[in-house]
């Protein structure tokens, strides 16, 4: 992983990957790289936790290795396994190669991350795995080495950059948190969300992007069961764009609301509140922001 | 900007002005800062102090944001801790002395995450939970004397505006509300037995992990092949696996308003004794706000949570807002999957001051997530006459098991029921066919 010499350099490199960070995340990520500490990120669904690791690997030109956690994941899924069918064939064919050698070792993500120098290792949704797995991971994260009984100790020459995400369905162990830097990613504010939408969807007009983001920002204040994330904002903007709209209007909003809200209760509630009002409100705020942006740009 | 000067000063001053080399001063400030955080209830360690110190070497010390985020990343492990952290960081940066609060922190009320007296919140009486006062948890009225007398601030506040809080415990009030507060001994005994049953029953669910099993139904290729390597690749013995059973999560939502406090307290205290840390159990208490007992049923945690619950209740006599509480749960913890596949037990008398439709809607929502939704109501006979129980009546169609808590036999039955839950799915009406049962519908089983 090429070093980033300053926080600014790191954030602009991420920006080129169309991942916009705020000051906090930029600083924390920079520290994680410099101190060689795993970074634990938490946040509401859809704020871009997984995306962060992808953007980082792209920005650094480092391979991304992803370990998706789920209930019941164990060493054979996460670390290594033996290629038994090939071992059997070798045995039947009367080959002389030792059966328990690297040749027959299947590298799972964690081992792969040790083998590839300077990779970015994404351990996604760790809270879904069982506690036992977390305890196992602890060992891995502190030394970046694993012991395979038949082969010996395998160690990373250059330890990977580790990003762990969690949705807080359960509390992670203190011991694990202690080994990591921690960051909570919030939903972006209006300005940043517009910037994200513009960066991600260059084809979507500036007016539409502003309006869509303003609308979504308002929704997030409404205490819905499932607040829309950035991903859903982008989907919605794209939906408008695909339907050939350059601004939001109540009728199209009503038809495409399902890209944004995925709970029946939420849909009912928003429709009950009256989409016209919300759309008008969003359009007004979008105009304000665009006005500010224009005058700010002129100054 | 003047920033650099100020930053250096403040970092230095946080320690004590002296002629020490700058690294020393910064190290001392970092350690002081960590200690202060710890005294406010954040979990810090020498490790994290060390990390913070090395992080400071990487950031621009003159930049407030960078220092802030460096500290944030090392010391904050949980979004709930952010508020406390901000306050203390403000002091560090502002160059104010980081005064260590007195050790009253032991009872948790100086934790800024909770509205303690030092932080603009209200003073609260404290109750000790160890040793002999365990009796106060269970025995209640007779053991008023063992109640730990609140600290000076607590008394002072208790004299006037905290009356409402203390009323729940004062003997005179208790007598006038005897009809509500009185639980017969066999009711409480049944409750303890229930905790005992839950411990033994240990409802299970199948996990995706497997274990080697002779009578299993899936071939374990790994072990079979491994075994055959010893016999020249000839698989003489086939190995099988079966799913490993895991304990199913139990989720308790306990009403602690008014008279419910004693009932819930007995249940939670006996659960704590019975369940222990190994079982997957989560408990929340509520009056008007929801409080999680974080370290599953830890006794000290229970006391804290009850204090918080007391503080949030403006008026103890008029029922609670169950609907809102459940909404809070559904939106927060529920969305994160706390209730998914769990056995949910709501312990409440169902006296709800909120909108009955809200309550019904939220109960329905919770039921959709839960494997089984159980409502234990120690005062079921009042459902029909009590105007505050409208919500309870509206929620009845969405409850899988309604257990009248005053009936020891019914409570004992619940223990047996939980034991037999296993993997069987509850028979429920589908959404489409659910009849619109009005609030007037008679609660099934309430008349038992």
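Taken together, the values in this text are just the output of simple stated rules run on the coordinates, not laboratory data. Just so it is clear, the structure is predicted and the values come from calculations on it, not from any experiment. Heads up, the Cβs are rebuilt from the backbone with ideal geometry, glycines too, and the neighbour counts pull from every protein chain shown.
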Response to the item:
Ranked on Cβ counts within 10 Å of their own Cβ, fewest leading, B:263, A:225, B:68 go A:225, B:68, B:263
Discussion item. Run the numbers for residue A:281 and residue A:81: contour at 0.36 nm per residue of separation, minus the present Cα-Cα distance, in nm.
Written reply: 66.3 nm
Worksheet item: For residue B:90 and residue A:189, what is the calculated FRET efficiency with R₀ set at 22 Å and r taken between the beta-carbons, to the nearest 0.05?
Response: 0.55
Worksheet entry | Ellipticity estimate at 222 nm from DSSP helix runs (n ≥ 4, -39,500 (n - 2.57)) divided over chain A, nearest 500 | -15500 deg cm²/dmol
Worksheet item: Helix A:49-60 versus the longest principal axis of chain A: what angle, 0 to 90°, nearest 10, using Cα atoms?
Response: 70
Worksheet item: Per 10 Å bin from zero, what fraction in whole % of the C-alpha pairs of the stretch A:162-221 is there, up to the bin with the longest pair?
Response: 18, 33, 22, 21, 5
Discussion item. As a test of the definition: which semi-axes, in Å, follow for chain A when you take the square root of five times each eigenvalue of its alpha carbon gyration tensor? Largest first, please.
Written reply: 44, 22, 18
Item to complete: Within 10 Å of each Cβ in peptide B:328-338, how many partner chain Cβ atoms are there on average? Round it to a whole number, please.
Response: 3
Worksheet entry | Estimated FRET transfer efficiency (residue A:221, residue B:43; beta-carbon r; R0 30 Å; 0.05) | 0.40
Worksheet item: Taking the Cα atoms only, what angle lies between the long axis of helix A:206-220 and the longest principal axis of chain A, rounded to 10 degrees?
Response: 80
Worksheet item: With labels modelled as points extended 7 Å from the Cα through the Cβ direction, what inter-label distance (nm, one decimal) is found for residue A:147 paired with residue A:273?
Response: 5.8
Practice prompt. Would you mind computing, in nm to one decimal, how far apart the modelled labels at residue A:199 and residue A:12 are, each placed 7 Å from Cα along Cα→Cβ?
Written response: 1.4
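Calculated FRET efficiency, residue A:242 and residue B:65, Cβ-Cβ r, R0 45 Å, to nearest 0.05? Each step should come with its number before you reach the end.
On the way: r = 39 Å, r/R0 = 0.87.
According to the calculation, E is roughly 0.70.
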Worksheet item: Which residues in the stretch B:329-370 have a backbone N closer than 17 Å to a point placed 7 Å from the Cα of residue A:171 along the Cα-to-Cβ line?
Response: B:333-334, B:336-339
Worksheet item: Under a point spin-label approximation (7 Å from Cα along Cα-to-Cβ), what is the residue B:289-residue B:244 distance to one decimal in nm?
Response: 4.0
Worksheet entry | Nearest-ten-degree value, helix A:23-35 long axis tilted from longest Cα axis of chain A | 10
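Could you give the alpha-carbon Rg of the stretch B:206-246 over 2.2 N^0.38 Å, rounded to two decimals?
Working: Rg = 11.3 Å, N = 41, 2.2 N^0.38 = 9.0 Å.
In units of the 2.2 N^0.38 Å rule of thumb, it is 1.25.
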Worksheet item: So for B:280, A:37, fewest C-beta neighbours within 10 Å to most, what's the order?
Response: B:280, A:37
Response to the item:
Per the rule of 0.36 nm per residue minus the C-alpha distance, extending residue A:89 to residue A:102 adds in nm 3.1 nm
Worksheet, complete the sentence: Checked the stretch A:190-290 against the a/c 1.5 cut and the a/b vs b/c comparison, axes a ≥ b ≥ c from its Cα gyration tensor; verdict rounded
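Compute the whole-percent fraction of alpha carbon pairs in the stretch A:4-88 spaced more than 14 Å apart.
Values: 2530 of 3570 pairs.
Roughly 71 percent, rounded to a whole number.
With a 10 Å Cβ neighbour count serving as the proxy for reagent exposure, in which order, fewest first, do B:358, A:161 appear? Provide the component values of the computation, followed by the final result.
Working: B:358 19, A:161 25.
Neighbour counts put them in this order, fewest first: B:358, A:161.
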